[in-house]
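Here is the structure we will look at.
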Amino acid sequence: MNKQFFINMIICVLLFTGCQKDVDQFNPSGNAATFNADIFGVVLDPDKKPIEGAKVSFDGNVTYSDKYGVYKFDNSKVKSTHNFFTITKDGYFEGCKTFRTDRDHGMQFKSVLVPKNFDLTFSASTGGKIEKGNVTLDFEPNSIVYDDDNTDYTGDVKVAVHYLDPLAWSSFDIMPGDLSSINAGNEVGTLLSYGMVYVELQATNGEKLQIKKDKTVKMSAVVSQDLLANAKSEIPMWYFDYKTGLWVEEGIGQLVGNVYTASVSHFSCWNYDYNFPSIILSGRVVDKNGNPMPNVHVWVSPVGEYLGGHGNTHIDGTFSGRVPKDKELEIKLFFNSSNCINKWNAPDQIINIGVINADKILVI
């Protein structure tokens with residue numbers, strides 16, 4: 001790909017907040033424009049092999065990935081502010097993509113589903129502490145119930161845990177959502193992650209389990225050395241809500257040494273994050289001849305930081321995402337995203353776009 005290029009970028013900035021007390025009733029797509037889009041995607045496992053038969057649900061419509069892992073939704077209605085689809089497959093942690101657009105066009109997505117490996121066990125009646133990698137879970141005695149009817153479970157509990165390193169490029173394709181969040185004040189923002197943890201509990205017969213009401217589990221995760229210098233003594237906790245496509249604030253993590261510890265009341269995918277007010281940034285990447293550049297990884301962040309929104313450009317070179325507000329921003333471009341594993345701090349091109357804090361059109 002010719003790396004001599006220019007950016008023809010129209011940035012449509014939208015800032016919105018919510019006032020609902022019930023997250024399930026919160027509508028992050030309020031006052032949104034609607035566009036037509038053909039959605040094309042592929043579902044892979046961590047070894048980049050296609051996953052057939054994954055169920056993809058978007059806006060009341062359902063389809064399944066084929067033997068190549070491919071699915072599509074033709075001529076779909078896509079909003080300018082907030083959209084999401086979920087991906088489920090037996091034996092894998094649930095996936096979700098959160099996205100938006102500022103025009104009619106084709107959209108492409110890659111999703112990686114992680115297998116649920118129930119390789120850890122403890123007794124529900126006695127509780128116990130389990131460890132996997134840099135994650136530790138401490139369960140109280142008699143704190144587990146069946147997920148479907150909340151009745152007590154007293155047998156052995158099988159646990160699947162998967163940690164996502166926020167600095168690993170592969171985490172972008174695995175993590176649910178796009179770090180769009182809603183805080184305790186029902187304000188939409190964007191997150192700076194210090195680590196994500198998938199956890200699921202299962203009975204010996206395969207039935208899904210959960211934490212009993214009014215009980216909690218102490219969850220700890222080691223902070224990456226690359227992030228530890230900026231880690232504060234307390235950090236908000238967030239769980240991913242598959243009903244809204246948003247990370248929802250719940251609880252506080254405490255830093256002791258290089259470990260964040262928090263008490264969680266249920267399991268989903270949990271995230272240790274700082275939250276920032278956000279805007280939506282949209283644009284288009286083209287080469288020197290004006291041809292669109294698909295699959296360029298665009299990372300928008302405050303100058304000198306990795307915090308921010310990022311994703312791959314679509315077939316027509318367009319991108320749209322939520323990024324921090326009221327900070328001096330730069331756009332990092334990675335021309336071959338498949339070769340960018342753990343290379344977030346070494347982009348092919350950096351463009352400073354200044355501070356954006358209100359609705360604005362910027363042409364570069």
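The values are calculated or read from the model by the stated rules, or taken from the named source; none is laboratory data. It should be emphasised that the depicted structure is a prediction, and the values quoted were computed from it without experimental measurement. All Cβ positions, even for glycine, are placed from backbone atoms using ideal geometry, and neighbour counts span all protein chains on display.
If you filter segment 317-364 down to residues that are among the acidic types (Asp, Glu) and at pLDDT 75 or above, you find that the one that is farthest from residue 178 (Cα to Cα) is 348.
Yes/no per residue for (1) of a type in the set (Lys, Arg); (2) surrounded by fewer than 22 Cβ atoms within 10 Å (Cβ to Cβ); (3) within 18 Å of residue 132 (Cα to Cα):
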{"position": "207", "(1), (2), (3)": "no, yes, no"}
{"position": "211", "(1), (2), (3)": "no, yes, no"}
{"position": "230", "(1), (2), (3)": "no, yes, no"}
{"position": "243", "(1), (2), (3)": "yes, yes, no"}
{"position": "246", "(1), (2), (3)": "no, no, no"}
{"position": "249", "(1), (2), (3)": "no, no, no"}
{"position": "261", "(1), (2), (3)": "no, yes, yes"}
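When segment 300-333 is filtered for residues that are closer than 19 Å to residue 111 by Cβ, of a type in the set (A, V, I, L, M, F, W, C) and buried (at least 22 other Cβ atoms within 10 Å of the Cβ), only 319 remains. The residue list 321, 290, 317, 309 contains one member that is without any contact (Cβ under 8 Å) to a residue 60 or more places away in the chain and among the small types (Gly, Ala, Ser), which is 317.
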